[in-house]
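Participant: I'd like to ask you about the structure that follows.
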Amino acid sequence: MSDLNLTSELAFLYNLQQIDADILTRRKKLKSIPNDIRKLREDFGVHEQKLNALKDQLSQVEKEQRSQSAEIGALDEQRKKYQTQLTSVKTNDEMKALYNQLEFIDKQEEEIEDNILEFMLTIDDLGGEIKKEREILSVKSADYKVEEAKLQEIAQGIEEDISEIQETRQDLVQKIAPDLLRQYQSRTTTQYASLVAPVVGNNCGNCKLTIPPQMLNEIKQSTKKIACPSCKLILFELPDSERANGATSE
Ligand SMILES: [Zn+2]
């Protein structure tokens with residue numbers, strides 16, 4: 001195996017590492033999107049609940065108002081009865097008693113009408129609040145649909161990007177020496193892990209350890225795999241073109 005081969009093999013594997021890290025980042029983002037959509041729905045649900053609570057309140061007040069109106073109806077019936085009796089009273093005492101009853105009915109009706117008036121004001125207020133909340137909800141519903149569509153579009157974009165990157169990855173995998181690839185894959189079966197790191201300046205590109213000059217020379221000669229004494233990743237010199245791009249490691 002020539003010197004150049006080991007360096008370029010390690011460089012290819014480094015590219016693969018970076019691609020895998022990139023895919024992982026995109027997958028994480030993709031995974032978070034359903035949660036973002038769920039949060040949007042929850043926020044919408046809070047406003048829906050508020051509207052429903054107002055509607056319940058309104059129907060409760062309306063029910064009370066109806067029952068009070070029914071009471072007025074009953075009192076009116078009572079009044080008619082007393083008025084009929086008035087036409088056939090025999091004594092002053094009887095008449096006085098009937099007038100007292102009629103007065104009592106008037107007083108009761110007055111109180112009930114006050115209640116009904118208050119209920120009507122409350123019904124008006126609730127109607128206004130419900131109208132406002134409905135408007136908020138309709139704006140929210142439009143916003144929420146736009147936001148959800150946006151998130152779904154982002155998710156789709158990420159999926160497309162990933163499958164594009166996967167194609168590049170497939171091509172790259174062909175170029176990597178099988179033993180090196182196996183060594184890398186055995187690390188990444190359970191979770192993402194690097195196998196190689198470029199030398200950046202005089203430092204390990206992964207853990208930033210300063211590499212002793214003797215070791216640096218050996219890496220440059222590239223006759224064998226040399227692991228960073230600290231993080232144990234295999235070190236290699238980046239080809240000139242990639243060094244110019246300012247490569248960094250994960
Ligand atoms: Zn290191």
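Participant: Of all residues being over 40 Å from the mean Cα position of the chain (by Cα) and within 10 Å of the ligand (Cβ to nearest atom) in the stretch 192-209, which is nearest to Phe236 (Cα to Cα)? Just the residue, please.
Facilitator: Val199
Participant: Based on this model, can you work out whether Glu109 counts as part of a helix (DSSP H, G or I) and farther than 30 Å from Gly128 by Cβ?
Facilitator: Values: part of a helix (DSSP H, G or I): yes; farther than 30 Å from Gly128 by Cβ: no.
Taking the combined requirement at face value, the residue does not satisfy it.
Participant: Using beta carbons and a limit of 8 Å, which pairs, at least six apart or on different chains, have the first residue in the stretch 225-239 and among the basic types (Lys, Arg) and the second one within 7 Å of the ligand (Cβ to nearest atom)?
Facilitator: Pairs found: none.
Participant: Identify, by number, the condition in (1) closer than 12 Å to Leu16 by Cβ; (2) more than 16 Å from the ligand (Cβ to nearest atom); (3) at pLDDT 90 or above that Gln185 doesn't meet.
Facilitator: So Gln185 meets the others, but not (3).
Conditions tested, residue by residue: (1) free of Cβ contacts under 8 Å to residues at least 40 places away in the same chain; (2) touching a Lys or Arg at 6+ places or on another chain (Cβ under 9 Å); (3) not assigned by TED's automatic domain parsing to the domain that holds Gln49.
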| residue | (1), (2), (3) |
| --- | --- |
| Ser69 | no, no, no |
| Asn100 | yes, no, no |
| Lys107 | yes, no, no |
| Gly127 | no, no, no |
| Glu148 | no, yes, no |
| Glu153 | yes, no, no |
| Ser163 | yes, no, no |
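Participant: Just a yes or no: is a residue in the stretch 31-48 out of contact with any helix residue (DSSP H, G or I) (no Cβ under 6 Å at 6 or more places or on another chain), within 28 Å of Thr122 (Cβ to Cβ) and touching a residue at least 24 places away in the same chain (Cβ under 8 Å)? Full working, then the answer.
Facilitator: Going residue by residue through the stretch 31-48, those that are out of contact with any helix residue (DSSP H, G or I) (no Cβ under 6 Å at 6 or more places or on another chain) are 31-32, 34-35, 38-39, 41-43, 45-46, 48.
Adding the requirement that they be within 28 Å of Thr122 (Cβ to Cβ) leaves 45-46, 48.
Those still in the list that are touching a residue at least 24 places away in the same chain (Cβ under 8 Å) too: 48.
Yes, there is a match, as at least one residue in the stretch 31-48 is out of contact with any helix residue (DSSP H, G or I) (no Cβ under 6 Å at 6 or more places or on another chain), within 28 Å of Thr122 (Cβ to Cβ) and touching a residue at least 24 places away in the same chain (Cβ under 8 Å).
Participant: Shifting gears a bit: Given (1) within 39 Å of the chain's Cα centre (by Cα); (2) farther than 30 Å from Asp56 by Cβ, identify the lone condition not met by Glu147.
Facilitator: Evaluating Glu147 over (1) within 39 Å of the chain's Cα centre (by Cα); (2) farther than 30 Å from Asp56 by Cβ leaves (2) as the failure.
Listed here are the residues, each with its yes/no results for (1) farther than 19 Å from Gly45 by Cα; (2) exposed (fewer than 13 other Cβ atoms within 10 Å of the Cβ); (3) out of contact with any His (no Cβ under 8 Å at 6 or more places or on another chain).
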| residue | (1), (2), (3) |
| --- | --- |
| Glu113 | yes, no, yes |
| Leu117 | yes, yes, yes |
| Val139 | no, yes, yes |
| Lys145 | no, yes, yes |
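Participant: Right, another one. Test Glu167 against the criterion of being touching a helix residue (DSSP H, G or I) at 6+ places or on another chain (Cβ under 9 Å) and among the acidic types (Asp, Glu), and give yes or no. Break it down stepwise before answering.
Facilitator: Numbers: touching a helix residue (DSSP H, G or I) at 6+ places or on another chain (Cβ under 9 Å): no; among the acidic types (Asp, Glu): yes.
No; evaluated as a whole, the condition is false for this residue.
Participant: I'm told Ala70 meets every condition in (1) surrounded by fewer than 12 Cβ atoms within 10 Å (Cβ to Cβ); (2) within 33 Å of the chain's Cα centre (by Cα) except one. Can you identify the failing condition by its number?
Facilitator: Unmet for Ala70, out of (1) surrounded by fewer than 12 Cβ atoms within 10 Å (Cβ to Cβ); (2) within 33 Å of the chain's Cα centre (by Cα): (2).
Participant: If a residue has to be of a type in the set (A, V, I, L, M) and either part of a loop (DSSP other than H, G, I, E, B) or more than 16 Å from the ligand (Cβ to nearest atom) (or both) to count, how many in the stretch 211-231 make the cut? Break it down into steps so the answer makes sense when it comes.
Facilitator: Our first condition is that a residue be of a type in the set (A, V, I, L, M); within the stretch 211-231, this holds for 211, 215-216, 219, 226-227.
Those left that are additionally either part of a loop (DSSP other than H, G, I, E, B) or more than 16 Å from the ligand (Cβ to nearest atom) (or both): 211.
Adding up the residues that qualify gives 1.
The values are calculated or read from the model by the stated rules, or taken from the named source; none is laboratory data. Given the structure is predicted, the values throughout are model-derived calculations rather than measurements. Cβ sites come from the backbone with ideal geometry, for glycine too, and all protein chains shown count toward neighbours.
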